[in-house]
Structures are given as C-alpha cells and as structure tokens.
Amino acid sequence: ASVMAPGPAPPLRQFASSSAMRAAHVTEDTPSDLLEGTMDLVIILPNRRRVNMEVHRSTPMMDLLIQVTTAHKISPAGHLIHVVSDTNLLTYKPSTPIGILDASIIEISPKSKGSEQSRNKAKAAALSNLNNQRLKVNLPRQQLAVYRLLPQTLLCDVLHTICCDKEIDGDTVTLRHPDKLGEALDLTQSLQHYSLTEVSLVPRDYQRPPP
C-alpha cells in the first residue's frame, strides 16, 4: 500500500503582540478568530467625547490604554481603561487581549479622587514615619515600652497615647525625665523642646526619695 505524503504545514499566524498570547485569559480553548485581525472600537474620552479607533484584537488592555492616552495627549498614569458591554463594566487583567473581551466600547476615565487621596495619605504617612524618632518609656513595675513619634509631638499627647495603649488612668500619672524624676515637665511642650528620647511614667504626686 502506498503511503500518502503529508500535506503542507499550516501557515504561521502573525500576531501584533506576542505577549497577548501569554496572557492569563488566553488558553488552548480560546477561539483563534478572537485574536486575529483588527476590530473597530468606540473610545469615550474623559471629556465624554467619542472617537473611533481600529486596533488589533491581540492588543493587551494595558497597551491599549497607553495607545489611546498617548494619541490624545492624556496621562496614562492618571487614568483607567474600562470595557463597556451592555452598560456593564467587564473585568480583565492588564495582559488580557481586547479581542477576547469582544466589546466595541472602551471608556477612559480619571482615577477616582478617593483613591488619589488615599495614595497621598499613604505617602504622607510614609514620609512621617521617616521623620519619627524612637521614644523609650519606663513604665511602672519595671516594664518598658517603645514608641515612634514625631519630635514635635506634645508631651500631653505622648501621655495620652501611653495611657490609651496601656489602659492607665491619665489623671493619676505624669511624665518625668528619667534622670530628673523630681522635676516636673511642662506637658504643653514637645519632645523636641526637651530633647527627649526617653521618659518615665510616674504617679502624678510622685516625690523622689531623699538620697
């Protein structure tokens, strides 16, 4: 019996972005026609103006965001890209090819002020932590606590923090310098004012025993 010669190998398909084929949403079951060729999109810009754009189906969503924002002189870092399908927003990964979502409307919107404020607060907190100083607190019964506070923190606020943390009645205690327990500190002054890196928590009526 004669052996039939194998047919010609199928042609290699070319894709606009090889990274799109490695996206998490692309599997062996993904129909190839969702990633081949181009598709027409309606882009809703932040100013609500609509523009038409033709893109390759294998373009990852993050690349699409950069393409659209760059073309319209918009900062990609300050905006998000949404896929609108029947008035619903579809979820996706940055590497998801636009063709898999098979949608025709894309919306570019500014990142929310709330998230921006949260990031600003986080940055401020991080900067604040860099400026914090270590404060050692000598507690009753030979106990010790350590806090990180700004040098500008008032001693009354330090006392309040310690009492809340250790569940101590703030009306019964006060702060003193460890080397000068017999001298009262002005609690309206700051840690920086006294150059304090260590304090002692003592009873409000504490009297240093005579030598």
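Structure above, values below:
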item	result
So D171, is it among the charged types (D, E, K, R), modelled with pLDDT of 90 or more, in a loop (DSSP other than H, G, I, E, B) and outside the structural domain of E36 (by TED's automatic domain parsing)	yes
Test for N52: is it assigned to a loop (DSSP other than H, G, I, E, B) and modelled with pLDDT of 85 or more	no
Region 149-161 residues that are in contact (Cβ under 8 Å) with a residue 12 or more places away in the chain and in the same structural domain as V199 (by TED's automatic domain parsing), paired with ones that are among the β-branched types (V, I, T) and in a helix (DSSP H, G or I) (beta carbon under 9 Å, 6 or more apart)	L149/V158; L149/T161; T153/T161
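The values are calculated or read from the model by the stated rules, or taken from the named source; none is laboratory data. As the structure is a prediction and not an experimental result, all values here were calculated from the model. For neighbour counting, all protein chains shown are included, and Cβ atoms are generated from backbone atoms with ideal geometry for every residue, glycine included.
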